[in-house]
Structures are given as structure tokens and as C-alpha cells.
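Beneath this line is the structure, given in C-alpha cells, with notes to follow.
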Amino acid sequence: SAFHPDYRLLDIPATPPETLKRARQIAIKNGIRYCYTGNIHDADGQSTYCHQCGLMLIERDWYRLGDWNLDPTGRCKQCGTVCAGRFEASPGSWGAKRLPIRISEVSRN
């Protein structure tokens, strides 16, 4: 996730986007299946891809969700590989607003 100068750390420069993109590629090359860039605009680096066939499973662009290529059981629609996580049958549409998540409620379902 990118650092950006704020509050008492105004003298330190922001993390260059290319640094985060390179770090993500290194992580993927070394076996990390789900690695993301954060705090920068990078739709490619914020989206989730199938580690088996490479299909974009969840398209993210800042807070917007686009393509959704998971079946209702959380599997890739192209090859059937399971994507780690808990998923709804279709994406939500929240926009840029913040919503509370109550983990205890999610874990009981």
C-alpha cells in the first residue's frame, strides 16, 4: 500500500506507483496468489485474477466493482478453480461510501 505524506510526515515523499507495481509482480512471481496495490489508482493491481487460468475474477477500480467472474460458490467461471474468500453470488454496489463490517455477523453465516 502506498505511503503518502500527511500530518507530521510531510517531508517524506510518496511511494511511487511503479514501486508498488514492481513489488506486486515480485510477490506473484514468488507464489503469492492474491497480491494487490493500494492507495494508488491501479485497476490491474487492485483486481483479483484466477491463479489457475488468469481470468480476471473481480474487477476493481478504486471503489467501483466491474466484471464479476465468480460463480455463486466462489469458483472461476472459466476453469472452476476456487478463489479464496467469501463471496456473494453477485457484486455489491456501494460506491465510495464507507460501510461498517461486523465480522461476528459474517462468521455466523
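The values are calculated or read from the model by the stated rules, or taken from the named source; none is laboratory data. Because the structure is a prediction, the values reported are computed rather than measured. All Cβ positions, glycine included, derive from the backbone under ideal geometry; neighbour counts span all protein chains shown.
I'd like to check something: does the stretch 22-37 contain any residue that is more than 21 Å from Gly54 (Cα to Cα) and without any contact (Cβ under 8 Å) to a residue 60 or more places away in the chain? For the stretch 22-37, residues more than 21 Å from Gly54 (Cα to Cα) and without any contact (Cβ under 8 Å) to a residue 60 or more places away in the chain: absent. Got at least one residue in the stretch 49-61 being among the polar types (S, T, N, Q), surrounded by 13 or more Cβ atoms within 10 Å (Cβ to Cβ), outside any loop (DSSP other than H, G, I, E, B) and in contact with a Ser or Thr (Cβ under 9 Å, 6 or more places away or on another chain)? Checked against the condition, which is being among the polar types (S, T, N, Q), surrounded by 13 or more Cβ atoms within 10 Å (Cβ to Cβ), outside any loop (DSSP other than H, G, I, E, B) and in contact with a Ser or Thr (Cβ under 9 Å, 6 or more places away or on another chain), the stretch 49-61 yields no hits at all.
The set of residues in the stretch 19-43 being loosely packed, with under 10 Cβ neighbours inside 10 Å and not in a loop (DSSP other than H, G, I, E, B) consists of Lys29 alone. Taken over the stretch 1-18, the residue count meeting the criterion of being over 23 Å from Ala43 (Cβ atoms) and loosely packed, with under 11 Cβ neighbours inside 10 Å is 7. The conditions of being in contact with an Asp or Glu (Cβ under 7 Å, 6 or more places away or on another chain) and either over 28 Å from Pro16 (Cβ atoms) or surrounded by 14 or more Cβ atoms within 10 Å (Cβ to Cβ) (or both) are not met by Ala84. Applying a threshold of 9 Å to beta carbon distances and a minimum spacing of six or more residues, or different chains, the list of pairs starting in the stretch 81-96 at a residue that is farther than 10 Å from Arg64 by Cα and ending at one that is modelled with pLDDT under 85 and not in a loop (DSSP other than H, G, I, E, B) reads Arg86/Val106. Checking each residue in the stretch 62-78 for being under 18 Å from Ile40 (Cα atoms), assigned to a strand (DSSP E or B) and of a type in the set (A, V, I, L, M, F, W, C) picks out only Leu65. Of all residues in the stretch 1-13, those that are at pLDDT 90 or above and assigned to a loop (DSSP other than H, G, I, E, B) have Cβ atoms under 7 Å from Cβ atoms of residues that are of a type in the set (Ser, Thr, Tyr) and surrounded by 10 or more Cβ atoms within 10 Å (Cβ to Cβ), 6 or more apart or on another chain, in Ala2/Thr15; Phe3/Thr15.
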